[in-house]
Amino acid sequence: MTHTLYNLAGTSTALAIKGAVVYGDPSTNSKQTYNAKGVTSSTGVFHRTDAQTTTINNSYTYFGWSYDNPTIATPKHYPRVRAYCNKDDWACRNPIAGLWDASAHNAYTSKAEDAYNWMYYLITDTR
C-alpha cells in the first residue's frame, strides 16, 4: 500500500485520496510521521528509503485539527495516512532483532474501530 502511495504522490489521483490505513506494513521506515497514536517508530523487514518516506510524509496531509488531540486550537497539517504496527509484529519490526511473532502480525482487529473513527473524522470533519 505505501509503495502505491509513493508512486501516486504528486498526481491528481493522490489528491483524491482522503485517507489510507496500513496495518503491519513491512515497508515501514522509522522516519514516517503517520504512525497511529501510541505506535512507536520502527523499520520493517522491507523498509522503503528515507526519500520515499519523506515523499509520503509530505504528499498526504490535510490542513485542520488533530483527530488524536482535538483540543489543539490552531489548525495545521496532519497526515492522511495512518499506520499501525503491533509491538511484536515481525513484518513492521526488524525481524533480525528476534521479533518473529506471527500472531502479532495477524492481530490488528483491535485497531479497526480506531481506524474507522479516524477515517470518518477525515471525511466528515467540517471545522
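Points to keep in mind about this one:
- Residues 25, 89, 68 arranged by fewest to most Cβ contacts within 10 Å: 68, 25, 89
- Charged-residue dipole, Cβ positions (Lys, Arg, Asp, Glu), the chain about Cα centre, Debye nearest 20: 300 debye
- The ranking of 15, 122, 5 by Cβ neighbour count inside 10 Å, starting from the fewest, reads 15, 122, 5.
- Summing +1 for each Lys or Arg and -1 for each Asp or Glu among the other residues whose beta-carbon sits under 11 angstrom from that of residue 45 gives -1.
- Note on the chain: Cα-only Rg and Dmax are 14.6, 45 Å.
- Label reach from residue 87 (point 7 Å along Cα→C-beta): in segment 14-42, amide nitrogens under 15 Å belong to 38-41.
- When the chymotrypsin sites (Phe, Trp or Tyr not before Pro) in segment 13-49 are filtered for DSSP coil states and for at most 12 other beta-carbon atoms within 10 Å of their beta-carbon, the remaining sites are 46.
No value in this document is a laboratory result; all are computed from the given coordinates. Everything quoted here is computed from the prediction, not taken from an experiment. So basically every Cβ, Gly included, is an ideal-geometry build from the backbone, and we count neighbours across all protein chains shown.
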